[in-house]
Amino acid sequence: MHVVATAGHVDHGKSTLVRALTGMEPDRLEEERRRGLTIELGFAWTTLPGGDRLAFVDVPGHERLVSTMLAGVGPVPAVMFVVAADQGWQRQSEEHLAVLDALGVRRGLLVVTRCDLADADLADLAREEALAHIAATSFGEVEAVMVSGTTGEGLDELRTALERLTASLPRPDADADVRLWIDRIFTIKGRGTVVTGTLGAGTIRVGDRLAIGGETVRVRGLQSLKEDHEEVRAVARVAVNLHGSVAETSRGDALLAPGRWLTADVIDVRLRGEPAHDLSRELTLHVGSAAVPVHVRPLGDDTARLVLRRALPLRVGDIALLRDPGAHRVPAGVTVLDVRPEPFRRRGAAAARARELASISGRPDGAGELRRRRLITRAELVAMGVPAPSEPVAGDWLADPDHWADLRERLVTAVE
C-alpha cells in the first residue's frame, strides 16, 4: 500500500478529485457535505492500474484549519498538490506549500483541477505558475496533470502519474520501532477504543503490547482500508482496536513500541527558514499529528532550544516545523539535533552549545554522540534514534574510546 495526502487552497476541488479517483466520499461529516467544505481529515482509497493500493488523506484547505491539515500531511511521504485552473495560485496554496517545504517533503504531483471551467490558456497559466512556486521548494521539479473531477477528463493520466509517483517512494523499514501518530480516536460499541493513523515505519500485529501516554495497551484487532488483518506493515493507513487504559488519548498522541522511545520536553534543533533571533519566542511545534506550544530560545543563527509544553516521543533526525498560528505563518522547518540536551548551568554555556551544534548534521551519528556524551547506555542511545557504534564496555554501557582509555589510565595510576 501507498499513502498520499492532498494539499491546496480551499474549494480547489481536492475532495471532488479524491471522490472521482476512488468512488468514495472523503467528507465524513454531514456539515461537510452540506457546506461543500472539508472540515476534518477524510480518507479514501483506490487500486492503481498496476494493482497497488493507494490511500488518500484528504485535508481541509481553509486557513483556519491548517492545524488539521498538518495532522494529515505530517506522517505522509508524498503529496498530491491541487490548484484550480480557473483560480490559479491562491493564499492557502502558498501556506500549504510553505508547510510542505518546512517538512522537507520531496515527492509530489501537481494536479490542475476544474479544467472544464477554464480555457486552455488560463489552465496553462495556472499550471506554469504553480510549477514555478513548487520548483523553488524541497519538491523541485514535479509532474503536472490537467484534470476535471466533474467530467473525468485527465483521470486516467492522473492514475498513471500516481503510479509513477508511488513507485519512486523509498521502501519503508518494516522492522523499525513503531510510532503511530494518532489522527482519529473513536469508540465502537462492543469493541472499545479504536485509534487510526498513517504507519510510516514498522509493523503492528494483533496481540502486540504497545505504549500510549505512559500506559501499556494490547492490540485487540487491526484493520487497514476496512479489511481485518493479523498484521499491518508500513506504509499503511491503519485502525488499531486497543484494550487498556486510553481514556485521555487524543489526536497528536502516539502509539509506541514499548521501551524503545524517549519522550522529550526540551530539544535542540536546526532551523530552515528565518534566522533564530528573528523568531517569535512563543510558537507551535508540529510533528506527526501533534501540535504543541513551545518556547524558543535562539542559540546560533540557525539553531535553537525548544521547551515543549508537552513531552513528545522524538528522535535525532526527526523533521518538524514551527508555526505562528496568529499570523498564519510557517517561519521555519526544524531538524531535531538532540533530545537529551544538557541544561545551561553557567555563563557562556549557550554560546558554547551553539558552536557545538554547528558541527552536528542532524543525521544519527553514533560515534559523534558517544564522543559528546562520553558515557551512555546502549538502550538510551538507540531510543534517541542513534545506532550504537560499538559494543558495550560494561553491562549496557557504551564509552567513547578516548574517554574510556583515560578512565583506565587514571584507574591504573590510582591503584599504583
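Here's the yes/no breakdown for (1) within 21 Å of TRP181 (Cβ to Cβ); (2) assigned to a loop (DSSP other than H, G, I, E, B):
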residue	(1), (2)
ARG309	yes, no
ARG315	yes, yes
GLY326	no, yes
PRO364	yes, yes
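Screening the stretch 381-416 for residues that are touching a residue at least 24 places away in the same chain (Cβ under 8 Å) and part of a strand (DSSP E or B) and picking the one that is surrounded by the most Cβ atoms within 10 Å (Cβ to Cβ) gives LEU398.
Among the residues of the stretch 242-251, is there at least one that is assigned to a strand (DSSP E or B) and crowded, with 20+ Cβ neighbours inside 10 Å? Within the stretch 242-251, one or more residues are assigned to a strand (DSSP E or B) and crowded, with 20+ Cβ neighbours inside 10 Å.
Matching residues to (1) closer than 30 Å to SER250 by Cβ; (2) in contact with a strand residue (DSSP E or B) (Cβ under 9 Å, 6 or more places away or on another chain):
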residue: PRO313; (1), (2): yes, yes
residue: LEU321; (1), (2): yes, yes
residue: PRO325; (1), (2): yes, yes
residue: ARG347; (1), (2): no, no
residue: ALA379; (1), (2): yes, no
residue: PRO387; (1), (2): no, no
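Within the stretch 133-153, if we keep just the residues that are more than 20 Å from TRP45 (Cβ to Cβ) and over 25 Å from the mean Cα position of the chain (by Cα), the residue that is surrounded by the fewest Cβ atoms within 10 Å (Cβ to Cβ) turns out to be THR151.
PHE186 passes every criterion in (1) of a type in the set (A, V, I, L, M, F, W, C); (2) within 29 Å of LYS14 (Cβ to Cβ); (3) outside any helix (DSSP H, G or I); (4) in contact (Cβ under 8 Å) with a residue 24 or more places away in the chain apart from (4).
Every residue, every condition in (1) crowded, with 24+ Cβ neighbours inside 10 Å; (2) part of a strand (DSSP E or B), yes or no:
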residue	(1), (2)
PHE56	yes, yes
THR68	no, no
ALA71	yes, no
VAL82	yes, yes
GLN87	no, no
SER93	yes, no
HIS96	yes, no
ASP101	no, no
GLY104	no, no
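Checking each residue in the stretch 254-294 for being in contact with an Asp or Glu (Cβ under 6 Å, 6 or more places away or on another chain) and under 24 Å from THR377 (Cβ atoms) picks out ALA257, ARG260, ASP268.
Residues in the stretch 259-306 that are among the charged types (D, E, K, R) and under 18 Å from HIS328 (Cα atoms) were compared, and the one that is surrounded by the most Cβ atoms within 10 Å (Cβ to Cβ) is ARG272. Taking residues in the stretch 365-380 that are free of Cβ contacts under 8 Å to residues at least 12 places away in the same chain, and partners anywhere that are buried (at least 17 other Cβ atoms within 10 Å of the Cβ), not one pair has Cβ atoms closer than 6 Å while being at least 6 places apart or on different chains.
Across the stretch 154-182, the qualifying residues are those that are among the basic types (Lys, Arg) and out of contact with any Asp or Glu (no Cβ under 9 Å at 6 or more places or on another chain), and the one among them that is surrounded by the most Cβ atoms within 10 Å (Cβ to Cβ) is ARG179. Residue-level check: of (1) under 24 Å from VAL334 (Cβ atoms); (2) at pLDDT 80 or above; (3) touching a Pro at 6+ places or on another chain (Cβ under 6 Å), GLY42 misses just (1).
The values are calculated or read from the model by the stated rules, or taken from the named source; none is laboratory data. Treat the numbers as computed from the prediction; the structure is a model and nothing was measured. Backbone-built Cβ (ideal geometry, glycine too); neighbour counts: all protein chains shown.
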